[in-house]
1. Ala44: touching a helix residue (DSSP H, G or I) at 6+ places or on another chain (Cβ under 7 Å), surrounded by 14 or more Cβ atoms within 10 Å (Cβ to Cβ) and over 22 Å from Ala126 (Cα atoms), yes or no?
2. Name the pairs whose Cβ atoms lie under 8 Å apart, with the first residue in the stretch 17-33 and more than 19 Å from Arg76 (Cβ to Cβ), the second part of a loop (DSSP other than H, G, I, E, B) and open to solvent by 40 Å² or more (accessible area, probe 1.4 Å), and 6 or more positions between them or separate chains?
3. Every residue in the stretch 91-105 that is at pLDDT below 90, open to solvent by 40 Å² or more (accessible area, probe 1.4 Å) and part of a loop (DSSP other than H, G, I, E, B), please.
4. Failed condition for Val71, given (1) under 17 Å from Leu3 (Cβ atoms); (2) surrounded by 11 or more Cβ atoms within 10 Å (Cβ to Cβ), with all others met?
5. Given the condition part of a loop (DSSP other than H, G, I, E, B), farther than 20 Å from Gly70 by Cβ and touching a helix residue (DSSP H, G or I) at 6+ places or on another chain (Cβ under 8 Å), answer yes or no: does some residue in the stretch 20-38 qualify?
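The values are calculated or read from the model by the stated rules, or taken from the named source; none is laboratory data. All values reported here derive from a predicted model rather than from experimental measurement. Ideal geometry is used to build each Cβ from the backbone, glycine not excepted, and the neighbour counts take in all protein chains shown. Quick note on the areas: whole protein, heavy atoms, side chains included, nothing else; ligands and nucleic acids left out. Shrake-Rupley method; radii C 1.70, N 1.55, O 1.52, S 1.80 Å.
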Amino acid sequence: QPLLLVCKLAEKAVQAGQPCLIFCETAEQADFLDDLLWEFDDEAFIPHQIVGMEEDEDMDDTPVLIVPPGVETGMRPLIINLRTAVPPPGYQRVLEIVPSEDSAREPARKRWLEYKQLGHALERHAQ
């Protein structure tokens, strides 16, 4: 399940002290990921919140922010992008989860080309 990988990546970011944003494709995906971050590992604690859905006063202190579509937030160095579009500028690193099904890969291919055109150094990591 791709969202389990997102949870593991978020956990690694927290362990490395690197705050991150997770850009979700839908509000439903954001809600599901919010629940999954609490449940995916009994040993893990990943402080997180959904931007725009909860008290936003402690967002700067929350390492992982889940960003549903239509919600704006300040940029962070690390983005985990689950959307079909490239995130807005201001990040240093973007992690993309590419589906294993060929039919679902086309949006990821388009983003790859867009990142290349923006001049980013690209790396592939097999799972």
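1. yes
2. From the stretch 17-33, the pairs are Thr26/Pro69; Ala27/Pro69.
3. If the condition is that a residue be at pLDDT below 90, open to solvent by 40 Å² or more (accessible area, probe 1.4 Å) and part of a loop (DSSP other than H, G, I, E, B), then Val98, Ser100, Glu101, Arg105 are the ones that fit.
4. Result: Val71 fails condition (1) only.
5. No: zero hits.
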